[in-house]
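All of the numbers you see were taken from the coordinates with simple rules; none came from a lab. All of these numbers come straight from a predicted model, not from anything done at the bench. Cβ: placed from backbone, ideal geometry, glycine included. Neighbour counts: every protein chain shown.
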Amino acid sequence: MRIYSKTGDQGKTSLLGGKRVPKYHLRIEAYGTVDELIAYIGLIRDQNVSQRIREELISVQERLMVCASLMAAECDDCESQLPQLDEEDVSGLEANMDRMDRELPPLQSFVLPGGHTTVSYCHIARNVCRRAERNAIRLFEEEEFPELVIQYLNRLSDYLFVLSRKLSKDLDVHEVKWQPNK
């Protein structure tokens, strides 16, 4: 199988199901942003993080591939052929957040991103995740797909924030609190 097909040279691409759409189509923007997020998660995974976090991030990447597939599908029988998300995917993120949060001091103000490259990567991924969520919501308003994708992306952005705080603690990085009007 070749990577290049030359079928996109005129600015169109195929959805799962075969329909061809412009590369700027909302569906492409939505799952393309998820693909960008998968790459940023990989960048975090490549940092000096614990094996447990590395395994969590691999699982996140796998679930995001499912999200992208579900948004890329436009056919009647696609869902029966595609992997699906389930409620446990969302509750798994919540359980991981709760576990990390128990080790952290209570959050009493906004935190400014930064302090360590790994922490900053988490914040970048969180922002890309929020954009992916916004794109998914826009797409869902026009073309339905499993709504659990939106819920997963929402919870994942929270997970990435908690992960940034956990890694700040693990790396002994001082969190800079935002102080308005200072």
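Structure notes:
- For region 38-44, putting each phi into the Karplus relation 6.51 cos²θ - 1.76 cosθ + 1.60 with θ = phi - 60° gives couplings of 4, 5, 5, 4, x, 5, 5 Hz, in residue order, rounded to whole numbers and with x for Gly and Pro.
- Backbone amide hydrogens, once placed in the peptide plane, bring residue 111 within less than 5 Å of 178, excluding anything fewer than 5 places away on its chain.
- Three-way shape label, region 19-173, alpha-carbon gyration tensor, a/c 1.5: prolate
- Overall form of region 83-150 per C-alpha gyration tensor (a/c, 1.5; a/b vs b/c): oblate
- Taken one residue at a time, the phi angles of region 26-35 give Karplus couplings (6.51, -1.76, 1.60, θ = phi - 60°) of 4, 4, 5, 4, 5, 6, x, 5, 5, 4 Hz. Gly and Pro are set to x.
- Backbone amide hydrogens, once placed in the peptide plane, bring residue 73 within less than 5 Å of 16, excluding anything fewer than 5 places away on its chain.
- Among 88, 56, the ranking by other beta carbons within 10 Å of each residue's beta carbon, starting with the fewest, stands as 88, 56.
- Derived scalar couplings between HN and Hα for region 45-56 equal 4, 7, 7, 7, 10, 5, 4, 4, 5, 4, 5, 4 Hz in order, rounded to whole Hz, by the Karplus curve 6.51 cos²θ - 1.76 cosθ + 1.60 (θ = phi - 60°), x for Gly and Pro.
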